[in-house]
Amino acid sequence: MRRYLGVRVGKLTYGEPVPSLSFWLPDHQQHALYSVAHADATIARMADILERYLHDPGPLDLRSRLTATSEEVVLVGIAPLPEAVPRLFADALNQLRNVLEHSLMAETTKLMTRRLTEDETRAIEIPATRTEEAFDSWTRHKHRRSHGLFMRGSELGERLARLQPWNRKDSDMHPLRRLVTHTNAAKHEAPALLTVRVGRVMFDSAPRNMPVDAHDLGEIGSVIASVPRGTIEGLSVWPQVAVRRPHTGELRTVMWEAREIEEWVRRIALPILIMGRTDLPELRPHLNVDLGYESADKAWNAAGARSAAVRASEHMVAIALRSDITEMMVSEDGEASRATYERWLARTDSSEVVAMFEPLGTAAKIHDLRSIAAIIEEWRSAAHAAPTASS
């Protein structure tokens, strides 16, 4: 099957084969590959700092308190969040907004049959309008109307219209609306409005999440959980680093907010803005921009498909899974095998740890003991371990 790259000469036409590995960025838009990678590296740095902050013992200082009838777990302190985190979040989102506006400028310049005036250049921006009428008004600005490229019915104007928040029923949740409000706040108010709080509470005997939106669990002195006095109960408490959306006040886990906006820019906004379509190979985010590349085509081939947010999520899950797998195998093979399994899991990539655990979870759900035994044997072989005589 042949794939084709859309090439515009006045109107959108098709006909040029896509280069190796489906590289589809035209020459005037190759900057987008490197800017996306720079944003990804910024999110990766933020993720590294967050991991260290959230790692044992974690930022939450929890204490037990006895009353006449109950035992309570009370939040008595929260470790200060490293100041790099809100600044890196703001930096990453600013880079994502920049790449959209750089791409719009590149597309506009490519289509122009004359030089843009200084006023026309200043008027080029990515709008984030909440109504179709507001967008139409934006296109009629005198320094945008002068060249006509953004008017409704024009190719570029319709591409911009497809990206607007008014296309979504809840326009406040649209990724472009969030991107613009976060970056505007970072420019005029503060890098980002972050808070650290209790994100999830779960009892071992009755696994259930405490709905954090229904309880103010971020205040010092908050009672996180309570059981009748004398009850033996296991409790797990997870911290959350959340960013406050400037336009709604809603709190959202900072890594998830960064991930959702980054993925929209990379997977939806840039393909539509540059090519007018989304049925294209995904723009790859993971590229070492500390290095130079002979061509954008070679850089594309060197880039990885898993974003920083995805890698960070896998890494956090893998930390827990490495511990669970180690304990499971030690229970099978004896305490003397612990170091062997720890070394094996330490040198196994986080994505591989997550992937290899999935079949065990599936088998456990259906009580498939034969498959569980086979998986355990595969792990034992991979670790070059053997049961001890006493196990």
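The values are calculated or read from the model by the stated rules, or taken from the named source; none is laboratory data. Here the structure is a predicted model, which means the values were calculated and not measured. Here Cβ is always computed from backbone atoms with ideal geometry, including for glycine, and neighbour counts include all displayed protein chains. In case anyone asks, the SASA skips ligands and DNA or RNA and just uses the protein heavy atoms, side chains included. Shrake-Rupley method; radii C 1.70, N 1.55, O 1.52, S 1.80 Å.
A few remarks follow.
- Whole-percent carbon and sulfur share, accessible surface of region 21-103, 1.4 Å: 51 percent
- Cα centre as origin, Lys/Arg/Asp/Glu Cβ charges: region 86-165 dipole, Debye: 100 debye
- Pairwise centroid distance, computed over Cα atoms, of region 121-187 with region 260-328, Å: 27 Å
- Mean accessible surface per residue for the chain, computed with a 1.4 Å probe while every protein chain stays in place, in Å²: 52 Å²
- Mean separation of Cα contacts under 8 Å, 6 or more apart, over the residue count of region 13-133: relative contact order %: 27 percent
- For region 314-364, the square roots of the Cα gyration tensor eigenvalues, ordered a ≥ b ≥ c, give a/c of at least 1.5 with a/b no greater than b/c, which places it in the oblate category.
- Share of pairwise Cα separations in region 18-66, more than 11 Å, in percent: 77 percent
- Kirkwood Rh, Cα atoms: Rg over Rh of region 100-170: 0.95
- Remark: region 249-391 is approximated by an ellipsoid whose semi-axes, taken from the C-alpha gyration tensor as √(5λ), come to 40, 18, 15 Å, largest first.
- Positive-end extreme of charge dipole, the chain - chosen from Ile325, Leu179, Ile78 (charges on Cβ): Leu179
- Cα-based equivalent ellipsoid, region 107-242: semi-axes from gyration tensor eigenvalues, Å: 51, 16, 11
- The listed peptides 172-181, 232-241, ordered by packing as a protection proxy, come out as 172-181, 232-241 (highest mean of other Cβ atoms within 10 Å first).
- Geometric descriptor of region 233-290, per residue, is 196 Å³ (volume of the convex hull of the Cα atoms).
- Most mobile of Arg347, Arg87, Arg130 in a GNM of the chain (Cα contacts under 10 Å): Arg347
- Loop-located GluC sites (Glu not before Pro) in region 264-343, at most 16 other Cβ atoms within 10 Å (DSSP): Glu282, Glu294
- Helix 369-383 and the longest principal axis of the C-alpha atoms of the chain enclose an angle of approximately 80°.
- Summarised in one figure, the compactness ratio Rg/Rh of the chain, Cα atoms and Kirkwood Rh, is 1.05.
- Computed from point charges on the beta carbon alone (+1 for Lys and Arg, -1 for Asp and Glu), the dipole magnitude for the chain about its Cα centre is near 1560 Debye.
- Once both labels are positioned 7 Å from their Cα atoms along Cα-to-Cβ, the gap between Asp61 and Glu158 label points is 6.1 nm.
- Of all the options Ser205, Ser137, Ser313, the one that moves most in a Gaussian network model of the chain with Cα springs shorter than 10 angstrom is Ser205.
- Sorting 98-106, 144-152 by average packing, meaning the other beta carbons within 10 Å per residue, from highest down gives 98-106, 144-152.
- Average Cα contact separation per residue, the chain, under 8 Å, 6 or more apart, as relative contact order %: 18 percent
- Among Leu345, Leu93, Leu33: highest mean-square fluctuation, GNM of the chain, C-alpha pairs under 10 Å: Leu345
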